[in-house]
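The values are calculated or read from the model by the stated rules, or taken from the named source; none is laboratory data. It should be emphasised that the depicted structure is a prediction, and the values quoted were computed from it without experimental measurement. All Cβ positions, even for glycine, are placed from backbone atoms using ideal geometry, and neighbour counts span all protein chains on display. Note: accessible area is taken over every heavy atom of the protein model, side chains too, but ligands, DNA and RNA are not part of it. Shrake-Rupley method; radii C 1.70, N 1.55, O 1.52, S 1.80 Å.
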Amino acid sequence: MARTTLKYKNASEEQLQIIRQCIDKLAGMGEVDALRGLGFSVNGLLFNADEDYRREVINRVARSPSKEHLEVAITLAGKYSMDALEVWLQHTTLQNLTPASLPPNTPPQQAHQRIREVLWPQLRGDDHNALISYFSLLKSLDEKPLLFGLTAAEHIKLLKKAKAASPELDYKLLLEQPAADTFSNHILRIIRPETVGLLAKFLRSLPPTFKIPVPVNVIYTMWLTKYFFSVPNLAATNKKWMQQYRQCACYFNKLSKNDLLVFVANTCFTRDAIDRVPAGTRNLMIMQAVDYCQQEQENDFKFNKNACSDPSWAQVGQELTRWARFLENYYSSTIQGIIDTSGVPHDEIWPEIEMSHGDPDTIVLCASQLVMQGDMRASALTTVLQCLNVDARPEHVFRCIAENVYSADDIQKLVTRLTQYHNDGVKFSDDLLERIMQKATECGLPPHKQISLLSLSQKTQMHDSSDLMKIAQFTADLLRAEWPDSGCAASLTDEKLLSEEGRRETFAAFSQDADTWQRKKALVDVLVCWPPTRDGETRSLHCEYLQSLLTPSADHKENLVLIKLLLRRPLLNQEEVQYLVENAPKEAAINAIWIVLLSNDEHDKEHILDLIARHKETIQKQEIEDDLVKELLDANMFLRLVATPLYTTVINYIMNMNQDSSSGEPSSEYTIQWATNELIKGNFIAEAGHLRLMVLGVPVPLRGFSESVIYVKNMFK
């Protein structure tokens, strides 16, 4: 039909339309054959009949890496009314995307915009060659527009540097201003010892528009920490750790002063460091960092002779020295012994103290947890604070506890610990006790369980009416709790306890029925809190109760605990002390001596010597506690005891205190040398010589009176 029409030129308009359709189909079949010839599988019928299928085939041809295929796809796009620019953007080989290959009549600005919108999300940040081609294409279209604050030409220069610094560097990540964690994780993943220098140099040279979220020196610190701990567990020997540390030390000149402290803290005072690196090795590592600080300080002085040397390196060195001393003290036999007996597992709380590298606030907080969770007594707590050079007293620790308890059970445990420490000789301020009482009330602790806090108060008198009312309320509540079936307890009122007469009657009624330890302890608690209450014009209720604790048939060990609780502070006058001493039976002689010592009476030495003289035989048969010996020595009675049965006990105590210390240092201020000097000052020459000969291990037959005197005389020579 087409040939006839062309020959005779006599076709109608309808015939021409049919002819055009036939020609289009013939041409379509030719295109299908051409695509098949290029290696593409094409369904001819669908290609001519289905527009979506035809669009898919053309895009598939455009995505081919061949430049020839791209040209064919653009031609077909133009024929079938497709957006030729969008087809062009389907091409996957950036090197073939040039201005010359753009579809005809495509505006450069439109191409520039669509290239940024379509191609940029498809590119990988570490495909530096593709990114260079991308920016080269944009540059060829238009050099002026800024991309992420830089021109295309500037991006090309930076990409070449990035490729040289690290083939794995994600350039797109740098441009998109990532979060600090994302950025640092990526850099730490790709950084290598052989590339760390180039990569750091590249990051430092980046224009301000990049806004790196983590400074380069911090990256150095993080990488050095990661590199240090890259030692396999099987190869983790002291020698290997030091070798690894020396390799890290080569990069110290890249770190700031603060970064050096962070690195040392990361490698010596983290959980990984504690679990993997021995303490001695870590101490040596810290001291090498101290040596580096000294070198830097000397270099600063050498190259800046006319200027004042920056003291910062010296300060860093001093801080690191303090850390090393802390670590050494922490692993001393003293602290390790306390850890073993603290009642807290080694992997709980204690690692937090070690990781603090001596920070006072952290140590006080951890110590407060040890007190509440373990069996940390006053002497152990004081030793820990002193050995770790923390300028804090037990009161600071208890104040920290008070601020961090929020339940009645915890506040009850705090009150118990507070009482234990007070019994151990620790004094607490009234301000702290009032704060704990306030917290106890907030937590719903019953009043009768708070009265022991009042008994710890340093106030000698309660002048405030509110104080007296509080004591009366707490006393009544305590007595009702301990004597629930007593009629006296049921009828007891707060007002009755506000008067001396009422307190005397109450005490007399309840003391007759104090048949258990808990009830006796309750009476001690109320007596300590009560203002001085005298039985008529003579003795106080405190004195009367103490007299009842000194009876011959009493349990004197149990009563001694009550005596110590009752006399936490001196409450007796001189006449009362003398009365108790004169009427003390021989069975209670030791407890009577305790009463004299705890009362701080001005005639205490005479009273004690009188008790020892009257009950000499009984005292010789009793076992004397070390606490009593120490109290006697603290009262300056050493020389007065030479002629008494207690002298041998005192000497044994002094010798034991000098032998029990595992560190080789005396664990008490009362040393053998001190005792010898005191005896010589008191002209007890024979006793001084006998003590020295006994310490030297001289047999008994060879340390008689004459030998002892001669030995002391030779000492002076």
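Miscellaneous remarks
- Rough spin-label spacing in nm, given labels placed 7 Å along Cα→Cβ, for residue 518 and residue 249: 6.4 nm
- Each of residue 256 and residue 600 was given a label point 7 Å from its Cα along the Cα-to-Cβ line. The distance between the two points is 5.4 nm.
- With R₀ set to 60 Å, the beta-carbon distance separating residue 534 from residue 127 gives a calculated FRET efficiency near 0.05.
- The range 548-595 and the range 236-257: distance between their alpha carbon centers, rounded to Å: 66 Å
- Accessible area of the chain belonging to carbon and sulfur atoms, whole % at 1.4 Å probe: 50 percent
- If the chain linking residue 710 and residue 438 were pulled fully straight, counting 0.36 nm for each residue of separation and taking away their Cα-Cα distance, it would gain 91.3 nm.
- Relative contact order (percent, whole number), the range 289-427, Cα cutoff 8 Å, 6+ residue spacing: 19 percent
- Percent RCO, i.e. relative contact order, over the chain, from Cα pairs under 8 Å lying at least 6 residues apart: 4 percent
- CD proxy at 222 nm, helix term only [per DSSP H run n ≥ 4: -39500 (n - 2.57); per residue of the chain; nearest 500]: -19500 deg cm²/dmol
- The candidate values are (i) 98, 88, 51; (ii) 107, 67, 39; (iii) 159, 78, 50; the one derived from this structure for Cα extents along the principal axes in Å carries the label (iii).
- Förster radius 30 Å - calculated FRET efficiency between residue 36 and residue 86 (Cβ-Cβ, nearest 0.05): 0.80
- Surface analysis of the chain yields an accessible area of 51 Å² per residue, using protein heavy atoms and a 1.4 Å probe.
- One decimal place: the segment residue 318-residue 176 gains 46.9 nm when fully extended, by the rule 0.36 nm per residue minus the C-alpha distance.
- Taking chymotrypsin sites (Phe, Trp or Tyr not before Pro) across the range 529-623, none is in a DSSP loop with at most 12 further Cβ atoms lying within 10 angstrom of its Cβ.
- In this Cβ point-charge picture (+1 for Lys and Arg, -1 for Asp and Glu), the range 182-313 has a dipole of about 380 debye about its Cα centre.
- For the range 537-574, the residues whose backbone nitrogen is under 12 Å from a point 7 Å from the Cα of residue 618, taken along Cα to Cβ, are 550-554, 556.
- Trypsin sites (Lys or Arg not before Pro) lying in DSSP loop within the range 198-272, provided at most 15 other Cβ fall within 10 Å: 211
- Simple spin-label estimate for residue 117 and residue 303 in nanometres, 7 Å along Cα-Cβ: 5.4 nm
- Of the GluC sites (Glu not before Pro) in the range 521-592, those whose Cβ has at most 10 other Cβ within 10 Å and which sit in DSSP loop: 537
- Length added when fully stretched, residue 234-residue 648, from 0.36 nm per residue minus Cα-Cα: 143.2 nm
- In terms of the mean number of neighbouring beta-carbon atoms within 10 Å, the peptides 121-132, 378-389 order highest first as 378-389, 121-132.
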